[in-house]
Amino acid sequence: MSNITQPRLHHLAITVTDLDASVRWYESVFDVHPVLDVPHPGGVGRILAGADRQLMIALHRHDNNNGGLFTETTTGLDHGGFAVPSRRDLELWQDHLETNGVVRADTADKPLTQSPIADEPYASVLVFRDPDNIQLELFAPALQHED
């Protein structure tokens, strides 16, 4: 990338069906809190951020939202991915998600479900879904095996 700085994720913007319920869920799960409402034609965006502003999530309500659940097979957002330092952090997140109503399942294919941690060659991954079925993922560096 020659002389330019590689960007980091600034924020994730998500359209939700119930703004207040989603704000409560994202606050509880990610420890982000409302800092600003941004009205837009036909709705409002509510910006949530952590105390250090390193993680920002924008939840959008649109008046013409039909209330249907998200599906990643439609053009648009596929999922959001977040990094954590270690696999142990993923294990702690499993419990944290469970205390926030995200139940453990064989696969995260319904709202408020989480998959088992998958140890892939590229990373350890925990997949879960928010109340609107939006897929979110937590990544930890791949486990190092000694030969």
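Before moving on, here are some points about what is shown:
- Some residue of segment 61-82 being in contact with a helix residue (DSSP H, G or I) (Cβ under 8 Å, 6 or more places away or on another chain) and within 18 Å of Val23 (Cβ to Cβ): yes
- Residues satisfying the stated conditions in segment 13-34, i.e. of a type outside the set (A, V, I, L, M, F, W, C) and touching a strand residue (DSSP E or B) at 6+ places or on another chain (Cβ under 7 Å): Thr15, Ser22, Tyr26, Glu27, His33, Pro34
- Residue, least open to solvent (accessible area, probe 1.4 Å), within segment 79-99, restricted to residues that are within 19 Å of Val32 (Cα to Cα) and among the charged types (D, E, K, R): Asp89
- Residue-level check: of (1) modelled with pLDDT of 90 or more; (2) among the acidic types (Asp, Glu); (3) under 14 Å from the mean Cα position of the chain (by Cα), Asp37 misses just (3).
- Cβ pairs under 7 Å, 6+ apart, first in segment 17-30 and in contact (Cβ under 8 Å) with a residue 24 or more places away in the chain, second assigned to a helix (DSSP H, G or I) and open to solvent by less than 60 Å² (accessible area, probe 1.4 Å): Val29/Leu97
- Among residues of segment 110-129 being outside any strand (DSSP E or B) and modelled with pLDDT of 95 or more, the one that is surrounded by the fewest Cβ atoms within 10 Å (Cβ to Cβ) is Lys110.
- Strands (runs of 3 or more DSSP E) fully within segment 11-61 that include at least 3 residues being within 21 Å of Asn133 (Cα to Cα): 12-15, 43-49.
- Checklist (1) buried (at least 17 other Cβ atoms within 10 Å of the Cβ); (2) within 17 Å of Phe30 (Cβ to Cβ) applied to Phe70, failing item: (2)
The values are calculated or read from the model by the stated rules, or taken from the named source; none is laboratory data. Being a predicted model, the structure only gives us computed values, none of them experimental. Note that we place each Cβ from the backbone using ideal geometry, even for glycine, and neighbour counts take in every protein chain shown. With ligands, DNA and RNA removed, areas are computed over all heavy atoms of the protein, side chains included. Shrake-Rupley method; radii C 1.70, N 1.55, O 1.52, S 1.80 Å.
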